[in-house]
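Got a structure for you, written out below as structure tokens; questions coming shortly.
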Amino acid sequence: MAERWRSLSYPEALAALTVDPARGLSAAEVSRRRGSAGLNEVADRPTPAILRLLRQFWGPTAWMLEVTALFAGALGNAVDAVVIALLLVFNVVLGFTQDWRAGRALSLLRQRLEVRARVLRDGSWTAVPARELVPGDLLRLRAGDMTPADVKLGVGEMETDESALTGESAPVDKSPGALLLSGSVVRRGEGTGVVILTGASTLFGRTVSLVRSAHPKFHVTEVTNHLVRWLLLIVGAFLSVGFAVAALEHLALLPLLPLMLVLLISAIPVALPAMFTVSTALGSLELVHRGVLVTRLNASEDASSMDLLLTDKTGTLTQNRAEIAETLPGPGLTREDVIRWGAVASQEADEDPIDLAFLEEGRKIPGPPLPQADRFVPFDPSTRRTEAILGAGPQRVQIAKGSPGTLAQLAALPGPERSALEERVKALADRGLRSLAVARRTGEGPWQLLGLVGIQDPPRPDARALIAELREQGVGVKMLTGDSQAVAQHVAREVGLGSRILDGEDFRQAVPAGLAGAGRRAEEADGFSRVFPEDKFTIVKALQSRGHLVGMTGDGVNDAPALAQAEVGIAVSSATDVAKASASAVLTAPGLEPMVRMVQVGREIHQRVVTWVLSKIVKTFQIAVFVVVAFLLLGQFVVNTFDVVLLLLTVDFVTLALATDSVRGSKAPATWEMPPLLRTGVVVGTLALGESLFLLALLRSLAPGVMASPTLLNTVGFEILFYFGLFTVLSVRSEGHFWARRPGRDLLVACGIDLGVLTGLVTVGIPYLSAVPLPVTLLVLGLVAAFAFGVNDAVKTRLLRSRRSAGTTRGGTYGPAAPRRGEPVGTP
């Protein structure tokens, strides 16, 4: 079928599809054809659920649980082995469930990122979802568009990239009558064609989706790996101390093997992957209401570490509303002449703001309708102009609209006239107006410069305040624009960026000397003028070579490499399909406000996960030292394997409620440096250790009968570790004192239920937990609360605040600097 369409000419294809080239299909005909052809889509093949479930058994956390279960079995502790195996199954089921929920949430978000297509229906051009295309639709394509169906090109010439379909990297030229393949990308040019095949009927049997369903590697994997290393290092260190002391005292080493099992279990960060997934999924859903659609869940976490944002001028810092503010006609010409011919060199179907401004003004001019161009050449960054051609032969008229310098060269203006033109351009630029020139020629005669037009795009009223807010958050903002340096300086001053604008040519000349030198020039600038799309990729790399984590906004097909290179690639709402596919987030609202909220939400997510990680380090350190020291002093274990597994369930998993906790993100880019976290955790853990040992000594004095029983000793040891674990979470969730910010409702409810249930269980007793007299339990509860919220909280607050005041300009709540993507987060 596809070959049959390939052999037909464009008029023959229109006739075969019964399409009126002037009006397109009617709404009724579209509905009828969709009923027979179906939607323009091919269903995805999701990964089988069984494979996604089996993947949960692979990874650092799962490996540790599997090893400890086998170890317990080898020691003959069948009950412990079963308990650990059940914990493994619980972790797998929880991980699978959260993965499914997160995938479902991301799928819902991706549905908002559907490809839009410009079609002619009922005589009007309109944008519709690409999945609603039917055979016979007249479709308009331009540079940056992803071809949403198999299309027969009728008008225009273009260059397409079919590498995703054929594997051939060379671009393919397309002229009228050519077949545009579904999934190919328009690299140059624009044109109109008719849809011939849709959905599963296309030549390659599928529609290439805008958003790939790839599974990115979450940063949590790297964090988990390094956390496991540190926790195992802590456990290994104190196990070595225990074995060394036992050897020096000539004690049997075999009884220490259960101790090894207990400490290995305590070091497993079972709930961290689930905690991270839940936090990022909820944050992504929240961002929807703030004008941000994420295409991968860890995009918000990347935004938390961003310290530089490169942003387009148009539509982000300005209103993307082109207005003709002033017209300077040439000698013997009128304003109407310049506007009218400039409107002829404009194309309404492309919805370009400048073209629309010319057309709007042109239609206001009394007289006959604007003539229609027989051929239109769209704007190209290399030629810096659009061109329209009317007629043929000696009476052919060519109209060009574009850069004054380019058209001055085209018209071969003599030196004095060119100098005068440059003066007019500079005068307009000083007022923040972008200059465009209009030129015309007849036949093969010389080009005549008709005049200048001053275009303004006023700054957004909120741009200055939002830039100041980003700077308060430790994120520098730099502007990228293809406009002249004078226009860029005017806009930069208006929005509060500054006036240090680096010309694109000057930056390009600095690149051959090395990225580091170019990066220094880029660091010093407040923005860049006369930037070509390919320069953006180099600017991103140059700044990254200086250690910056870069975010970038983009909208064009040529922005895709830079969006992919940046740690945080952000496609604006008007971006091309390719730019959206390369970005990690897509803005659905104009301006900088969505990006400000993305940074804030990312840092809140980071703070919640950091709270969990820090509390885990404190607990692991406390358990490891407490168990080893108590064993050496008392000659028996203060907790057993069941106690530690129960601690994981009652503290680690209950604190998943941190995912919705009310937190305040850092005022500086976040960090995943493990050593600062470890230092804080060790200090707080050391305090908790001393207080735990003090409690044991106090209880031996006040309740010798209770402490004489090994089973009761185990339960009291469990109580001490449980209460410290729960209260530590509530303390370390804030950099200030624990009362500085009220915990979220979910966290308070989860901790309250956990506290009540466990206190009841140790009071009445259950298997493996003997009943402890209520006065003893209340004494432990009261003293632990006093230590955790009094001494420990005060030391933690002082420690963190002193570290911040001594820190560098970049850094999160618990560390000085965020590593670049792919760099280690700290290794033992």
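Cβ-Cβ below 7 Å, separation at least six or inter-chain, first residue in the range 743-768 and charged (D, E, K, R), second assigned to a helix (DSSP H, G or I) and modelled with pLDDT under 90: which pairs?
Within 7 Å, the pairs are Asp746/Ala657; Asp746/Thr660; Asp754/Thr650; Asp754/Val654; Asp754/Leu726.
Here is a follow-up. Do the conditions hold for Arg340, that is, is it farther than 30 Å from Gln473 by Cα, touching a strand residue (DSSP E or B) at 6+ places or on another chain (Cβ under 8 Å) and basic (Lys, Arg)?
Against the criterion (farther than 30 Å from Gln473 by Cα, touching a strand residue (DSSP E or B) at 6+ places or on another chain (Cβ under 8 Å) and basic (Lys, Arg)), Arg340 does not qualify.
Related question: Name the residues in the range 1-34 that are among the acidic types (Asp, Glu) and modelled with pLDDT under 75, would you?
Glu3
Which number in (1) assigned to a helix (DSSP H, G or I); (2) open to solvent by less than 20 Å² (accessible area, probe 1.4 Å); (3) in contact with a Leu (Cβ under 8 Å, 6 or more places away or on another chain) marks the one condition that Val772 misses?
Just one mismatch for Val772, condition (1).
Go through the range 35-49 and report how many residues are open to solvent by 80 Å² or more (accessible area, probe 1.4 Å) and at pLDDT 80 or above.
1
Thr314: open to solvent by 10 Å² or more (accessible area, probe 1.4 Å) and polar (S, T, N, Q), yes or no?
Taking the combined requirement at face value, the residue satisfies it.
Restricting attention to the range 277-297, and to residues there that are over 22 Å from Pro590 (Cβ atoms) and of a type in the set (A, V, I, L, M), which single residue is farthest from the chain's Cα centre (by Cα)?
Val278
From the list Ala468, Ala510, which one is open to solvent by 30 Å² or more (accessible area, probe 1.4 Å), among the small types (Gly, Ala, Ser) and free of Cβ contacts under 8 Å to residues at least 40 places away in the same chain?
One residue alone meets the criteria, Ala468.
Looking at Arg679, Arg664, Arg597, Arg603, which one is basic (Lys, Arg), on the phi < 0 side of the Ramachandran plot and free of Cβ contacts under 8 Å to residues at least 12 places away in the same chain?
The unique qualifying residue is Arg679.
Shifting gears a bit: Do we find a residue being at pLDDT 80 or above and aliphatic (A, V, I, L, M) anywhere in the range 570-584?
Within the range 570-584, one or more residues are at pLDDT 80 or above and aliphatic (A, V, I, L, M).
Please determine whether any residue of the range 601-616 is among the aromatic types (Phe, Trp, Tyr), open to solvent by 40 Å² or more (accessible area, probe 1.4 Å) and farther than 19 Å from Leu779 by Cα.
no
Can we say Gly332 is outside any strand (DSSP E or B), at positive phi and more than 13 Å from the chain's Cα centre (by Cα)?
Yes.
Taking into account only those residues within the range 439-482 that are of a type in the set (Val, Ile, Thr) and in a loop (DSSP other than H, G, I, E, B), which is farthest from the chain's Cα centre (by Cα)?
So the residue we want is Thr481.
Evaluate the following for Thr224: is it at pLDDT 75 or above and out of contact with any Cys (no Cβ under 6 Å at 6 or more places or on another chain)?
Judged against the criteria, Thr224 is not a match.
Here's another thing I want to ask about it. Evaluate the following for Arg440: is it open to solvent by 50 Å² or more (accessible area, probe 1.4 Å) and modelled with pLDDT of 90 or more?
In short, yes.
Can you tell me how many residues in the range 642-662 are touching a Lys or Arg at 6+ places or on another chain (Cβ under 7 Å), surrounded by fewer than 22 Cβ atoms within 10 Å (Cβ to Cβ) and not hydroxyl-bearing (Ser, Thr, Tyr)?
Of the residues in that region, 0 qualify.
Scan the helices (runs of 4 or more DSSP H) fully inside the range 335-428 and keep the ones with 1 or more residues being over 26 Å from Ala488 (Cβ atoms) and open to solvent by 40 Å² or more (accessible area, probe 1.4 Å).
The qualifying helices (runs of 4 or more DSSP H) are 335-344, 353-363.
Please count how many residues of the range 744-769 are in a helix (DSSP H, G or I) and open to solvent by 60 Å² or more (accessible area, probe 1.4 Å).
Final tally of qualifying residues: 7.
Out of Arg187, Arg212, Arg206, report the one residue that is more than 20 Å from Ala69 (Cα to Cα), of a type in the set (Lys, Arg) and at pLDDT 70 or above.
From the options Arg187, Arg212, Arg206, the qualifying one is Arg187.
Quick check on my filter: what residues within the range 682-730 are farther than 22 Å from Val764 by Cα, among the hydroxyl-bearing types (Ser, Thr, Tyr), in contact (Cβ under 8 Å) with a residue 60 or more places away in the chain and surrounded by fewer than 21 Cβ atoms within 10 Å (Cβ to Cβ)?
Thr686, the sole residue that qualifies.
Hey, another quick one. From Ser805, Ser709, Ser731, grab the single residue that is at pLDDT below 90 and touching a Phe, Trp or Tyr at 6+ places or on another chain (Cβ under 8 Å).
Selected residue: Ser731, the only one of Ser805, Ser709, Ser731 that is at pLDDT below 90 and touching a Phe, Trp or Tyr at 6+ places or on another chain (Cβ under 8 Å).
Next question, about the same structure. Do the conditions hold for Leu309, that is, is it in a strand (DSSP E or B) and open to solvent by 10 Å² or more (accessible area, probe 1.4 Å)?
no
Tell me which residues, restricted to the range 418-438, are without any contact (Cβ under 8 Å) to a residue 24 or more places away in the chain and more than 43 Å from the chain's Cα centre (by Cα).
Arg418, Ser419, Ala420, Glu423
Show the residue pairs meeting these rules: Cβ distance below 8 Å; 6+ apart or different chains; first residue within the range 115-127 and crowded, with 21+ Cβ neighbours inside 10 Å; second residue in a strand (DSSP E or B) and small (Gly, Ala, Ser).
Taking only residues 6 or more apart or on different chains, the pairs are Ala117/Ala127; Val119/Ala127.
Quick check on the range 777-788. Is at least one of its residues under 26 Å from Val627 (Cα atoms), in contact with a Ser or Thr (Cβ under 6 Å, 6 or more places away or on another chain) and open to solvent by 20 Å² or more (accessible area, probe 1.4 Å)?
Checking the range 777-788: not a single residue is under 26 Å from Val627 (Cα atoms), in contact with a Ser or Thr (Cβ under 6 Å, 6 or more places away or on another chain) and open to solvent by 20 Å² or more (accessible area, probe 1.4 Å).
Moving on to the next point. Of (1) over 43 Å from the mean Cα position of the chain (by Cα); (2) more than 26 Å from Ala750 (Cβ to Cβ); (3) buried (at least 20 other Cβ atoms within 10 Å of the Cβ), Leu634 satisfies all except one. Which?
Evaluating Leu634 over (1) over 43 Å from the mean Cα position of the chain (by Cα); (2) more than 26 Å from Ala750 (Cβ to Cβ); (3) buried (at least 20 other Cβ atoms within 10 Å of the Cβ) leaves (3) as the failure.
In addition: Just checking, does the range 717-725 include any residue being under 40 Å from the mean Cα position of the chain (by Cα), assigned to a helix (DSSP H, G or I), among the hydroxyl-bearing types (Ser, Thr, Tyr) and under 16 Å from Asp661 (Cα atoms)?
No: the range 717-725 contains no residue that is under 40 Å from the mean Cα position of the chain (by Cα), assigned to a helix (DSSP H, G or I), among the hydroxyl-bearing types (Ser, Thr, Tyr) and under 16 Å from Asp661 (Cα atoms).
The values are calculated or read from the model by the stated rules, or taken from the named source; none is laboratory data. Source: prediction; values computed, not measured. Positions of Cβ are backbone-derived with ideal geometry, glycine not excepted, and every protein chain shown enters the neighbour counts. Remember, those area values only see protein heavy atoms, side chains included, never the ligands or the DNA or RNA. Shrake-Rupley method; radii C 1.70, N 1.55, O 1.52, S 1.80 Å.
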